[in-house]
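The values are calculated or read from the model by the stated rules, or taken from the named source; none is laboratory data. Keep in mind that what you see is a predicted model, and the values were worked out from it rather than measured. Cβ atoms come from the backbone with ideal geometry, glycine included; neighbour counts cover every protein chain shown.
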Amino acid sequence: MSARYGMVIDLDRCTGCGSCMMACAAENNVPPLPQATARTGLTPLLVRKISNKKEGAARREAFIPIMCMHCEHETPCVRVCPQQAVEVDRATGIVMQMPQRCLGCRYCMTACPYHARYFNWWDPAWPAGMEKSLNPGVAVRMRGVVEKCNLCHARYHSAKEKAAAAGRREIDLADYVPACVEACPTSAIRFGNLADKNDPVYREANSPDAFRLLARLGTEPKVYFKSKEAWVKALAEPTFTGKTEVKHG
Amino acid sequence: MASAALADRSWIARGEERASLPRFLLWLAPWTLLLALGVYAAGLCLYHGLNQTNMDNRFAFGLWIYLDLSIIALGAGAFFTGFLVYILKRAELKPILNTAVVVGLICYSGAVAILMVDVGQPLRAWFTFWHPNTHSMLTEVTFCISCYLLVLCLEYIPLLLRNRQLRKLPSFLVFEHQLHKLVPVLAGVGTFLSFFHQGSLGGLYGVLRGRPFAFRQGFFIWPSTFFLFILSAIATGPSFLMLIAAAAEKVSGRQLVPADLPRRLGFISGVLLGIYVAAKCVDTLIWLNVTSPAEGFAPWEFYTYKPFGTYLLFAEIVLFGLLPAFLLTFRKTAGRRGILLTAAAMACGGVLLNRFVLTVQTLALPTLPFDQFLQYTPSWQELASFGGVLAYGVILYSLSYRYLPLFAPLKGGDTHVSGN
């Protein structure tokens, strides 16, 4: 694996503005779906509000963007898909979804611990005229298939084409910036190569304030979160901490 | 009408008494209506998509998967009876064999039909055979269920060809005779396939480390639920067959199986259920003390989300496990028909509860620390589609009972138990 693309999201900087969600939807041709509910919509990136569950002056709130965590070890969705419609790209570490091969069985959605996979419950449709604003580099997904964040793979392809045109084998990371990273007004979302020790994202991912959600499941997610707030860091894992270790695999 | 009745009579085996044609049609009428409603609801789901259901991104599996897992477990009597009769040479179970084949065919074909509605792109079902992911339990389930359904069809054909009119065709008679020779082989193949798909259905949830309530450790690639599903299915399959035969006797008003057969089926069911309960207890203790804590979850917290309390665990292991195992095994209790049938129904209820806990409760429980307990209520389309499968089962069984030699004549002739 030559690269391990991942993210570090600074939750202390996130204001919950939703720009990342909008940019994600626009970049990836996500239909508006006015008939959808909070649980049937398409939100490959979903900003959720969390709190310390206290009241009054003691109450603290924060926002946490949830998307595919691009798990690296025994990736749950990859292991369960019956027809190899999900795979980990060895060149990038990105968990790829192939909607054109998806059966729509939704087993991967059941397997995902982060609930970061979405089913196309309706035919994709846009208000008249809005289809002209669709991104030509991203295929529209049909009804009955699963989709999720693919770290704006179309942008990765563009970066590769640019590198090839310049006679380079490797992309310049400045050419590959996912839409949510680009749109975040507070630079809370940072993207980089976790395999490169010189990458600022690598250093941030290994800082004491960084954590991953449900790390004890052992799936090695490549999306890290960062916060100085103890109550936010505590939410990374269930409150209980057992002493027994289980060897997975 | 008289000519229709005569024609109908000519399809019924000689010497067999069956209800009059109008009475039979009256019996079929409500089931046909339910089947039509089910086909309409399934058609809506296929045409408009799964937005017709109340499933969503979080409750991605719903009523259909729960019922699929349940009816396939109840249909396990088909392969297990074949295994007992043809492989272990338990000839005393032969009178229930044809019913086992029909019940198995109904359960498996019904499950496959509903699965075809349950997937978003049913026309891509063949992709699983073309691009199989050998790590996926669902691949194993798809391969084994498809193949076993084929085996069940092959087992049903000889029964079909023994119809009074079809037997008149010499080529059919020869074909039936040749096919009948294959039945022991088919029973062996069916046992092998069923063993794996019953287990894989258990493994379906057991491998989900992202669902700590269902995730289990196991042996090699198989989680413990793989083995528990096999055990629970073969334990309840004979009980379900006993209930089906009893229902057929009640509706037809005739004794259809030897008097001692339900007791024998009950004994097999009871012993296996006892073994299953013991294995389930060990599995639960390992999950409570090792698996769940190791993933950072307090297992008892899962039971604080109402209405899913610890009473479900008690009901599954004691009320619908240990108790029916005891009632079915011991001569004193199993000797009384009422207790025997009640215990068989409890055993079947236990497997239904187990599948409910593993499918519905698992998805309702939160995994992320800031998640909440989820609720899901099936839509009328989901309920009606499954009602259609139920109706299809009743209709196919009724037609098979009327026109095919489902039960061999009892020694000393048929015995009327009540009415006509």
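Summary of computed values
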| read-out | value |
| --- | --- |
| Identity of the residue in segment B:255-307, more than 30 Å from B:Ala245 (Cβ to Cβ) and more than 14 Å from every other protein chain (Cβ to nearest Cβ), that ends up surrounded by the most Cβ atoms within 10 Å (Cβ to Cβ) | B:Asp283 |
| Residue check for B:Ala247: small (Gly, Ala, Ser), without any contact (Cβ under 8 Å) to a residue 60 or more places away in the chain, more than 27 Å from B:Arg58 (Cβ to Cβ) and in a helix (DSSP H, G or I) | yes |
| Sole exception among (1) outside any helix (DSSP H, G or I); (2) aliphatic (A, V, I, L, M); (3) away from every other protein chain (no Cβ under 14 Å) for A:Ala116, by number | (3) |
| Residues within segment A:41-63 that are more than 23 Å from B:Ala60 (Cα to Cα), more than 9 Å from every other protein chain (Cβ to nearest Cβ) and either aliphatic (A, V, I, L, M) or not in a loop (DSSP other than H, G, I, E, B) (or both), tallied | 6 |
| Residues of segment A:18-28 satisfying the condition of being in a loop (DSSP other than H, G, I, E, B) and closer than 14 Å to A:Ile66 by Cα | A:Gly18 |
| Within segment A:119-150, considering residues that are among the polar types (S, T, N, Q) and surrounded by fewer than 17 Cβ atoms within 10 Å (Cβ to Cβ), the one nearest to the other protein chains (Cβ to nearest Cβ) | A:Asn135 |
| Candidate set from segment B:110-130 (those that are surrounded by fewer than 20 Cβ atoms within 10 Å (Cβ to Cβ) and over 20 Å from A:Thr110 (Cβ atoms)); member that is farthest from the other protein chains (Cβ to nearest Cβ) | B:Ala113 |
| Among the residues listed as A:Ala179, A:Ala188, A:Ala195, A:Ala205, the single one being surrounded by 19 or more Cβ atoms within 10 Å (Cβ to Cβ), of a type in the set (Gly, Ala, Ser), touching a residue at least 24 places away in the same chain (Cβ under 8 Å) and out of contact with any strand residue (DSSP E or B) (no Cβ under 8 Å at 6 or more places or on another chain) | A:Ala179 |
| Looking only at segment B:13-34, and only at residues there that are closer than 24 Å to B:Pro409 by Cβ and at pLDDT 90 or above, the one that is surrounded by the most Cβ atoms within 10 Å (Cβ to Cβ) | B:Leu21 |
| Restricting segment B:198-227 to residues that are part of a helix (DSSP H, G or I) and surrounded by fewer than 24 Cβ atoms within 10 Å (Cβ to Cβ), the residue that is nearest to the other protein chains (Cβ to nearest Cβ) | B:Ser224 |
| One residue from B:Thr329, B:Thr367 being within 14 Å of chain A (Cβ to nearest Cβ) and of a type in the set (S, T, N, Q) | B:Thr367 |
| Residues satisfying the stated conditions in segment B:49-104, i.e. without any contact (Cβ under 8 Å) to a residue 12 or more places away in the chain and at positive phi | B:Lys89 |
| Members of segment B:134-148 that are buried (at least 20 other Cβ atoms within 10 Å of the Cβ) and over 30 Å from B:Phe407 (Cβ atoms) | B:Ser136, B:Met137, B:Leu138, B:Thr139, B:Glu140, B:Val141, B:Thr142 |
| Criterion (surrounded by fewer than 16 Cβ atoms within 10 Å (Cβ to Cβ) and without any contact (Cβ under 8 Å) to a residue 60 or more places away in the chain) met by exactly one of B:Val151, B:Val174 | B:Val174 |
| Filtered residues of segment B:8-29 (kept if touching a residue at least 40 places away in the same chain (Cβ under 8 Å) and within 30 Å of B:Glu382 (Cβ to Cβ)) | B:Trp27, B:Leu28 |
| Scope segment B:290-314; condition among the hydroxyl-bearing types (Ser, Thr, Tyr) and without any contact (Cβ under 8 Å) to a residue 40 or more places away in the chain; matching residues | B:Tyr303, B:Thr304, B:Thr310, B:Tyr311 |
| Positions within segment A:89-113 being among the β-branched types (Val, Ile, Thr) and at the interface with chain B (Cβ under 9 Å from one of its Cβ atoms), in sequence order | A:Thr110 |
| Matching entry among A:Pro221, A:Pro238, A:Pro178 (being at pLDDT 95 or above, within 19 Å of A:Cys71 (Cβ to Cβ), within 14 Å of chain B (Cβ to nearest Cβ) and touching an Asp or Glu at 6+ places or on another chain (Cβ under 9 Å)) | A:Pro221 |
| Complete set of residues in segment A:64-88 that are more than 11 Å from every other protein chain (Cβ to nearest Cβ), touching a Lys or Arg at 6+ places or on another chain (Cβ under 9 Å) and surrounded by fewer than 20 Cβ atoms within 10 Å (Cβ to Cβ) | A:Glu72 |
| Criterion (touching a residue at least 60 places away in the same chain (Cβ under 8 Å), assigned to a loop (DSSP other than H, G, I, E, B) and within 14 Å of chain A (Cβ to nearest Cβ)) met by exactly one of B:Leu358, B:Leu374 | B:Leu374 |
| Those residues of segment B:377-397 which are surrounded by fewer than 18 Cβ atoms within 10 Å (Cβ to Cβ) and polar (S, T, N, Q), in sequence order | B:Thr377 |
